[in-house]
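The values are calculated or read from the model by the stated rules, or taken from the named source; none is laboratory data. Everything numeric in this text was worked out from a predicted model, so none of it was measured. Here the Cβ positions follow ideal geometry from the backbone for every residue, glycine too, while neighbour counts run over all protein chains shown. Side chains are part of the model used for accessible areas, which takes the heavy atoms of the whole protein and leaves out ligands, DNA and RNA. Shrake-Rupley method; radii C 1.70, N 1.55, O 1.52, S 1.80 Å.
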Amino acid sequence: MGGVRGLIYSTLPVVVFVPVSSVFGLMPAIASALGVATLILFWRLIRRDSVQPAISGFFAVGVSALIAYLVGESKGYFLLGIWTSLLWAVVFGVSVLIRRPVVGYIWGWVHSHDRGWRDVGKAVLAFDIATLTWVAVFASRFLVQQYLYDADETGWLGVARIAMGWPLTAVAALVTYLAIRAAQRAVLAADSVSPPT
């Protein structure tokens with residue numbers, strides 16, 4: 001997920017945006033965030049890092065800056081992240097309700113488009129748990145940051161964005177890893193007792 005460099009790249013625009021906004025106002029903050037995002041984009045291209053994350057990160061900062069400009073307030077910079085969190089919480093939650101956990105499908109896609117796990121109850125349960133963990137992450141981000149947005153706490157929004165970003169993602173990634181291991185064991189056990197065809 002990008003490691004330490006990914007952490008720095010994703011947080012720098014927010015780290016710059018909030019204090020510049022507090023001291024100089026919205027337009028300098030937008031210019032600063034876009035400037036930092038541009039520098040990161042060029043830096044990643046010079047280093048010949050993967051182009052897709054660099055462009056995606058720049059695009060996300062650009063859209064966030066545009067929303068802040070249209071809203072006319074610095075806190076608008078965070079709206080994209082807030083509502084994206086809600087969207088993912090709903091998508092992941094619904095996938096569990098309809099017994100199609102997103103984490104299982106992502107794993108199946110990465111694992112040679114294999115959907116055999118769907119016939120193994122323990123594997124589905126493991127992927128349900130992993131998917132629900134992501135629901136908790138996305139929902140908590142939405143609830144906390146929407147509250148801070150409504151309270152006009154732009155500085156705390158920046159803190160929450162960073163504090164609820166990588167730490168919660170790391171926890172959810174660990175749960176996902178453990179769930180995948182459990183699902184793999186369940187699939188292997190099911191395959192070993194299945195009669196030959």
| request: Pull up region 14-25, narrow it to residues that are modelled with pLDDT under 90 and surrounded by 14 or more Cβ atoms within 10 Å (Cβ to Cβ), then point me to the one that is farthest from the chain's Cα centre (by Cα). | output: Val18
| query | Just a yes or no: is a residue in region 65-74 open to solvent by 90 Å² or more (accessible area, probe 1.4 Å), more than 29 Å from Val14 (Cα to Cα), hydrophobic (A, V, I, L, M, F, W, C) and in a helix (DSSP H, G or I)? | reply | no
| What are the residue pairs meeting all of these: first residue in region 37-57, first residue among the hydroxyl-bearing types (Ser, Thr, Tyr), second residue surrounded by 12 or more Cβ atoms within 10 Å (Cβ to Cβ) and in a helix (DSSP H, G or I), Cβ atoms under 9 Å, and 6 or more apart or on different chains? | Thr38/Phe58; Thr38/Val61; Ser50/Arg44
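Please go through region 38-63 and give me each residue that is assigned to a helix (DSSP H, G or I) and of a type outside the set (A, V, I, L, M, F, W, C), ordered by number. Walk me through it before giving the result.
Kept after step one, since they are assigned to a helix (DSSP H, G or I), are these residues of region 38-63: 38-46, 51-63.
Listed by number, the residues that qualify are Thr38, Arg44, Gln52, Pro53, Ser56, Gly57, Gly62.
Looking only at region 165-184, which residues are in contact with a Lys or Arg (Cβ under 9 Å, 6 or more places away or on another chain) and surrounded by 19 or more Cβ atoms within 10 Å (Cβ to Cβ)?
Applying the first criterion (in contact with a Lys or Arg (Cβ under 9 Å, 6 or more places away or on another chain)) to region 165-184 yields 165, 168, 182-183.
Within region 165-184, just Ala183 meets the criteria.
When you go through Val61, Val159 one by one, which is the residue that is within 24 Å of Pro19 (Cα to Cα), modelled with pLDDT under 95 and open to solvent by 70 Å² or more (accessible area, probe 1.4 Å)?
Values: Val61 fails: open to solvent by 70 Å² or more (accessible area, probe 1.4 Å).
Unique residue meeting the criteria: Val159.
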| query | Hey, Asp49 hits all of (1) open to solvent by less than 50 Å² (accessible area, probe 1.4 Å); (2) within 17 Å of the chain's Cα centre (by Cα); (3) not aliphatic (A, V, I, L, M) but one; which does it fall short on? | reply | (2)
| task | Scan Val103, Val124, Val110, Val187 and give me the residue that is farther than 30 Å from Leu79 by Cβ and in contact with an Asp or Glu (Cβ under 9 Å, 6 or more places away or on another chain). | result | Val187
| request: Scan region 26-46 for residues that are modelled with pLDDT of 85 or more, open to solvent by 70 Å² or more (accessible area, probe 1.4 Å) and of a type in the set (A, V, I, L, M) and report the count. | output: 3
| message | Restricting to region 16-50, count the residues that are under 12 Å from Val61 (Cβ atoms) and out of contact with any Pro (no Cβ under 7 Å at 6 or more places or on another chain). | response | 12
| When the residues of region 143-197 are filtered to those that are of a type in the set (S, T, N, Q) and within 15 Å of the chain's Cα centre (by Cα), which remaining residue is farthest from Gly121 (Cα to Cα)? | Gln145
| message | Condition first: touching a residue at least 12 places away in the same chain (Cβ under 8 Å), of a type outside the set (Lys, Arg), more than 18 Å from Phe142 (Cβ to Cβ) and open to solvent by 20 Å² or more (accessible area, probe 1.4 Å). Now tell me which residues in region 88-110 satisfy that. | response | Trp107
